[in-house]
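Supplied in C-alpha cells, the structure appears directly below.
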Amino acid sequence: MDPTHSSLEHHPMRELIRLSKSTLDQTDKSAVASVLDNEYLGMGNEVNLFEKKLANYFGRPVVCVSNGTAALHLALQACGIGPGDEVLVQSLTYVASFQAISATGAIPIPCDILQDTYTIDCRDAENRLTTRTKAIMPVHYSGGVGNLDEIYNFAMLHNLRVIEDAAHAFGTTYGNKKVGSFGDISCFSFDGIKNITSGEGGCLVSEDEEIVDCVRNSRLLGVVNDTVSRYNSKRSWDFEVEQQGWRYHMSNIMAALGKSQFQRLDEISLKRQELAIYYDKIFKSIPNVAIINHDYTKVVPHIYPIRLKGITNRETLRKRLLTKGIETGVHYKPNHHLKYYHNSSSTPLHVTDCVYKELLSLPLHLDLDFNDISYITDSLLEEFVY
Ligand SMILES: *Cc1c(COP(=O)(O)O)cnc(C)c1O
C-alpha cells in the first residue's frame with residue numbers, strides 16, 4: 001500500500017466516484033484514430049472544419065487555440081491590453097482567468113461576487129474602477145452568466161472591453177441566445193473535464209473582425225496568414241510578423257475529438273442538466289444547503305457547487321466523504337488569497353470570503369446516474385448535521 005495514504009482515504013469497497021472526468025464514446029475514439037491514421041497531426045484541415053462547425057453554431061467567427069487560458073490571453077492582447085492597464089475580474093474563479101490577464105502585463109483587479117449566482121458584482125467592480133481600467137472579464141461560474149445585461153451596461157458606461165470567461169458555459173443560453181453568439185468576446189475551454197472537450201483546447205468567438213484576425217495570427221507566433229497556409233496543408237516560408245505571437249494553435253488530433261464531442265452536444269448537455277436537477281430536488285428541502293438556482297432548461301452546468309451554511313470543518317467533511325468513495329472539490333480558492341495576486345491595500349471581498357468558507361462541489365460527469373447522486377447526497381447529509 002502506498003505509505004502516503006492515510007486511513008481516512010478511500011478504501012475500494014466501491015469504486016471511487018470522481019468529482020469530474022472525461023467521458024468518451026466510440027465515435028470520439030474513432031475520430032482521433034482516423035487523424036492518427038492520416039498522420040497529419042498538427043494544425044490542418046481538421047481544425048478548419050471544427051472552426052467552421054463552431055462558427056456555424058455561434059453565427060460568428062471562431063478561432064481555435066491550445067486551451068481556454070490561451071484564448072483569454074490572446075483576447076486581452078488583441079484588445080491592446082498590457083502593462084499599466086487593469087482588468088476587473090471576480091476573485092472566485094480559476095487562476096487561469098488571473099494568469100491570462102497578468103500574462104499581458106496588465107493587473108487583474110479582484111472583485112466581489114453576487115450572493116445568488118457567484119458572478120461579478122458590478123457595484124463592487126464600480127468601486128474598483130480607475131483611469132487605468134480597460135476591461136471587465138465576467139466569469140460564467142458553473143455555467144450560468146449572472147446578470148450579463150447589467151455587466152454589458154456597466155462596460156458601455158465606462159468604455160470597457162468585455163472578455164467573457166465562458167470556460168464553464170459551453171451550451172448555455174441566455175434569453176434565447178447562445179453564450180458566445182452575442183456580446184464582445186467570448187472564450188471557451190475544451191479541457192478534458194469541461195462540457196465538451198478536445199483533450200485540452202479552447203476557442204475565441206467574436207464579431208469583431210480586427211480581434212479575430214489578430215488572434216488568428218497571434219496563435220501562430222504572429223506569422224501573418226499562416227492559418228490559410230496550414231488549412232491548405234502548406235507552410236509559410238516567406239512570411240511577415242507584425243506582433244508578439246505565441247505557440248497557441250490547436251492540433252488536428254484535438255480538433256477531431258472536439259468535432260466529435262460537439263456532435264454529441266445535445267446528449268451531453270441533457271445528461272449534465274438532468275443530474276443537476278436531481279441534486280437540486282434533493283437539496284431544495286434542506287435548509288442548511290444553498291444551491292445556485294439555475295434554470296437548467298438554459299444552463300449547461302460544468303460543476304455542481306453547493307454552500308454548506310455554517311460549516312466550520314469542510315476539510316474534515318471532505319475527508320469523510322472520501323472514505324465513502326466520494327471525491328469532492330472546492331471551486332475555487334479566491335485569487336486574492338494567492339501570494340502572486342494578493343494586494344493588502346485593496347478593500348475586502350466580503351461575499352467571496354463568506355461563500356468560499358462554505359463552498360463544496362459535488363461530482364458531476366457523464367458516468368453518473370441518479371443512484372450515484374442519491375448515494376452522494378445521503379452520505380453528505382449523514383455527515384453534515386443540520
Ligand atoms: C478551465 C477554465 C479556464 C481555462 O481553461 P483551460 O482550457 O484549462 O486553459 C479558465 N477559466 C475558468 C473559470 C476555467 O474553469
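The values are calculated or read from the model by the stated rules, or taken from the named source; none is laboratory data. Nothing here was measured: the structure is a model prediction, and the numbers come from that model. No Cβ is skipped: glycine too gets one built from the backbone with ideal geometry, and neighbour counts run over all protein chains shown.
State all residues of the range 327-354 that are touching a Pro at 6+ places or on another chain (Cβ under 9 Å) and of a type in the set (A, V, I, L, M); if no residue qualifies, say none.
330, 349
Within the range 150-182, track down each residue that is in contact with a strand residue (DSSP E or B) (Cβ under 9 Å, 6 or more places away or on another chain) and farther than 20 Å from residue 86 by Cβ.
166, 167, 168, 169, 170, 171, 172, 179, 180, 181, 182
Yes/no matrix, rows are residues, columns are (1) surrounded by fewer than 18 Cβ atoms within 10 Å (Cβ to Cβ); (2) modelled with pLDDT of 95 or more:
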{"residue": "306", "(1), (2)": "no, yes"}
{"residue": "316", "(1), (2)": "yes, yes"}
{"residue": "320", "(1), (2)": "yes, yes"}
{"residue": "328", "(1), (2)": "no, yes"}
{"residue": "345", "(1), (2)": "yes, no"}
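Further, regarding this structure: Would you call residue 33 surrounded by fewer than 21 Cβ atoms within 10 Å (Cβ to Cβ), without any contact (Cβ under 8 Å) to a residue 24 or more places away in the chain and of a type in the set (Gly, Ala, Ser)?
Working: surrounded by fewer than 21 Cβ atoms within 10 Å (Cβ to Cβ): yes; without any contact (Cβ under 8 Å) to a residue 24 or more places away in the chain: yes; of a type in the set (Gly, Ala, Ser): yes.
Against the criterion (surrounded by fewer than 21 Cβ atoms within 10 Å (Cβ to Cβ), without any contact (Cβ under 8 Å) to a residue 24 or more places away in the chain and of a type in the set (Gly, Ala, Ser)), residue 33 qualifies.
Of all the residues that make up the range 202-213, how many are more than 9 Å from the ligand (Cβ to nearest atom) and buried (at least 22 other Cβ atoms within 10 Å of the Cβ)?
Residues flagged as more than 9 Å from the ligand (Cβ to nearest atom) and buried (at least 22 other Cβ atoms within 10 Å of the Cβ) within the range 202-213 amount to 5.
Results for (1) hydroxyl-bearing (Ser, Thr, Tyr); (2) surrounded by fewer than 24 Cβ atoms within 10 Å (Cβ to Cβ), shown as yes or no for each residue.
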position	(1), (2)
86	no, yes
133	yes, yes
137	no, no
152	yes, yes
162	no, yes
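Tell me, which helices (runs of 4 or more DSSP H) lie completely within the range 86-201 with 2 or more residues that are away from the ligand (no atom under 14 Å from the Cβ) and free of Cβ contacts under 8 Å to residues at least 24 places away in the same chain?
Helices (runs of 4 or more DSSP H) meeting the threshold: 148-157.
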